[in-house]
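K.L.:
There's a structure below that I have some questions on.
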């Protein structure tokens with residue numbers, strides 16, 4: 001009897017990491033956005049100091065494997081180097097980033113495996129505390145450094161950086177703790193007499209591979225943070241164009257108490273790093289945000305591994321990819337509001353959001369007013385001003401900045417130039433591009449006469465908006481057009497005062513957007529308020545910013561403990 005009690009105590013100690021007894025702070029809520037208004041002089045001064053520090057540093061960014069910093073000039077300089085440039089001024093090198101070799105990736109995988117047992121057996125609240133502290137560090141001690149690294153490296157203005165690498169990132173870390181606590185508390189609701197049923201939320205058996213994008217530092221934080229919080233360990237492949245902010249984020253997590261080996265940072269060639277990861281039998285999950293084409297390729301490669309018996313489990317695949325997001329404007333819509341919402345939805349952060357507005361369906365009766373108002377507001381924006389003193393865009397207070405790199409610039413410039421020679425397209429605003437100093441694409445509006453033109457279905461990921469005018473009486477038909485034109489299903493908006501029109505759009509566009517907005521722009525989902533994600537070819541729709549995402553990184557074990565002892569094998573019906 002004593003031996004069984006000791007065994008039970010030991011089992012309980014092992015399970016405490018997955019059972020929640022300590023509640024997170026009740027005051028968890030969305031982090032307020034700093035306004036950086038004209039009177040916020042202290043904030044501006046602190047931000048300028050951080051910007052100056054990063055602009056003049058050319059930091060060496062290492063690999064981080066099991067807590068060890070590994071630089072490109074170690075071991076006789078055998079490793080490659082990637083120079084992360086300032087996209088607003090590509091003569092400035094912000095970071096010299098060490099590139100992982102195949103052996104480095106193998107070492108990162110091994111470090112993840114070795115760290116797993118100790119990490120997941122920590123009590124849940126110990127793991128949670130790391131992310132709660134990291135959120136506080138981001139919002140206080142490292143706020144201006146995080147802003148500067150994101151603004152300079154990823155071409156954001158201060159507001160776009162603030163809502164990304166500060167508020168959304170902190171929200172992910174804090175609300176995931178709340179969601180995890182709620183998940184662990186979900187237990188079987190029935191037990192028979194003499195029986196205790198319980199559920200244990202184990203981390204996945206193996207390691208998680210996180211592939212993170214350039215456009216949101218917060219997304220990178222969530223892609224590594226969500227699985228790690230649940231007791232998993234992670235091999236992290238950051239975007240080459242976000243290495244600076246992502247490395248800073250890792251150092252914040254380390255200061256918050258993240259143990260060595262829990263997250264291993266391996267910038268490098270995406271194809272080579274991924275090939276090494278997917279060849280390991282203990283690969284357990286992909287957490288991905290990026291292009292649709294890449295995600296499809298990875299999805300197929302993983303399935304081949306399953307078919308060939310490579311993996312111990314069926315790996316979880318969690319992905320968010322592209323969008324061809326719409327604004328559908330009804331004749332009853334408030335046009336000034338629709339115009340401003342469209343400007344923000346299409347051109348904030350240069351349209352480099354997977355949720356960015358990239359197609360508009362406009363009633364003919366409102367066309368003249370819409371184009372006049374939108375062009376008038378855009379003319380106030382200084383999208384390309386290469387003679388100005390640059391910090392991250394036009395100037396420190398600018399609305400429009402550069403696109404991320406030369407490859408993106410060249411692709412977008414070709415889209416604009418091709419439009420100039422297409423009889424079905426008309427550029428009604430913009431059309432200018434210049435990469436002499438930074439990678440600047442002017443916000444561009446293109447009108448098409450073809451409702452099935454490729455510009456209404458292709459994702460450009462830049463400040464290019466395509467507009468199609470429809471006859472007012474064809475609103476229901478245009479709803480079907482919106483739904484059937486694109487392969488994506490990420491975000492979309494209906495602008496109308498007519499409630500019947502809103503109801504029609506809601507029904508006909510049921511599967512066209514995982515995030516559907518009524519009289520609001522297609523961007524700007526807030527953690528815990530609008531859970532984010534789309535289906536169709538936009539991803540697996542696991543809803544970042546909600547508790548749903550955490551379910552993908554646990555494997556539930558149900559435990560039944562019986563206190564009654566059998567005295568006979570027979571049931572009552574077996575007796576004569």
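Values quoted throughout were computed directly from the atomic coordinates according to the rules given, and no laboratory measurement underlies them. Predicted model only: the values in this text are computed from it and were never measured. Glycine gets a Cβ as well: all are built from the backbone with ideal geometry, and neighbour counts include every protein chain shown.
K.L.:
Using only Cα atoms, tell me the angle between helix 217-229 and the longest principal axis of the chain; keep it within 0 to 90° and round to the nearest 10.
P.N.:
With both axes taken from Cα atoms, the answer is about 10 degrees.
K.L.:
Rounded to the nearest 10 degrees, what's the angle between the helix 475-485 long axis and the longest principal axis of the chain, both from Cα atoms, 0 to 90?
P.N.:
Helix 475-485 sits roughly 60 degrees off the main axis of the chain.
K.L.:
Arrange 236, 119, 196, 531 by Cβ neighbour counts within 10 Å, fewest through most, would you?
P.N.:
Listing 236, 119, 196, 531 from fewest to most nearby Cβ atoms yields 196, 531, 119, 236.
K.L.:
Rounded to the nearest 5, what is the percent of antiparallel bridges among the DSSP beta bridges in the range 325-535?
P.N.:
Taking every DSSP beta bridge within the range 325-535, about 25 percent pair in antiparallel fashion.
K.L.:
Which of rounded, prolate, oblate describes the range 92-228, given a ≥ b ≥ c as roots of the alpha-carbon gyration tensor eigenvalues and a/c under 1.5 marking rounded, otherwise prolate only if a/b is larger than b/c?
P.N.:
Because a/c hits 1.5 or more and a/b fails to exceed b/c, the range 92-228 counts as oblate.
K.L.:
Here is a follow-up. Ranking 69, 174, 202 by Cβ neighbours within 10 Å, fewest first, what do you get?
P.N.:
Starting with the residue having the fewest Cβ neighbours, the order is 69, 202, 174.
K.L.:
If I take every Cα pair under 8 Å that is 6 or more residues apart in the range 325-535, average their sequence separation and divide by the length, what percent do I get for the relative contact order?
P.N.:
So the answer I get is 28 percent.
K.L.:
Say a paramagnetic label sat at a point 7 Å from the Cα of residue 73, along Cα to Cβ; which residues of the range 87-101 have their backbone N under 11 Å from it?
P.N.:
none
K.L.:
Relative to the longest principal axis of the chain, what angle (0 to 90°, nearest 10) does the C-alpha long axis of helix 169-185 take?
P.N.:
30
K.L.:
Going by how many other Cβ atoms sit within 10 Å of their own, how do 380, 205 line up, fewest first?
P.N.:
Starting with the residue having the fewest Cβ neighbours, the order is 380, 205.
K.L.:
At what distance in nm do the modelled label points of residue 560 and residue 190 sit from each other, each positioned 7 Å from its Cα along Cα→Cβ?
P.N.:
Reported label-point gap for residue 560 and residue 190 is 1.2 nm.
K.L.:
A further question follows. What is the diffusion coefficient of the range 325-535 in µm²/s, taking the Kirkwood radius over Cα pairs and the Stokes-Einstein relation at 37 °C with a viscosity of 0.692 mPa s?
P.N.:
This corresponds to a translational diffusion coefficient of 190 µm²/s.
K.L.:
Label points 7 Å out from Cα along the Cβ direction at residue 40 and residue 83: separation in nm?
P.N.:
3.4
K.L.:
How much of the DSSP bridge set in the chain is antiparallel, in percent, rounded to the nearest 5?
P.N.:
40
K.L.:
Given the -39500 (n - 2.57) contribution per DSSP H run of 4+ residues, what per-residue ellipticity at 222 nm results for the chain, rounded to the nearest 500 deg cm²/dmol?
P.N.:
Dividing the helical sum by the residues of the chain leaves -11500 deg cm²/dmol.
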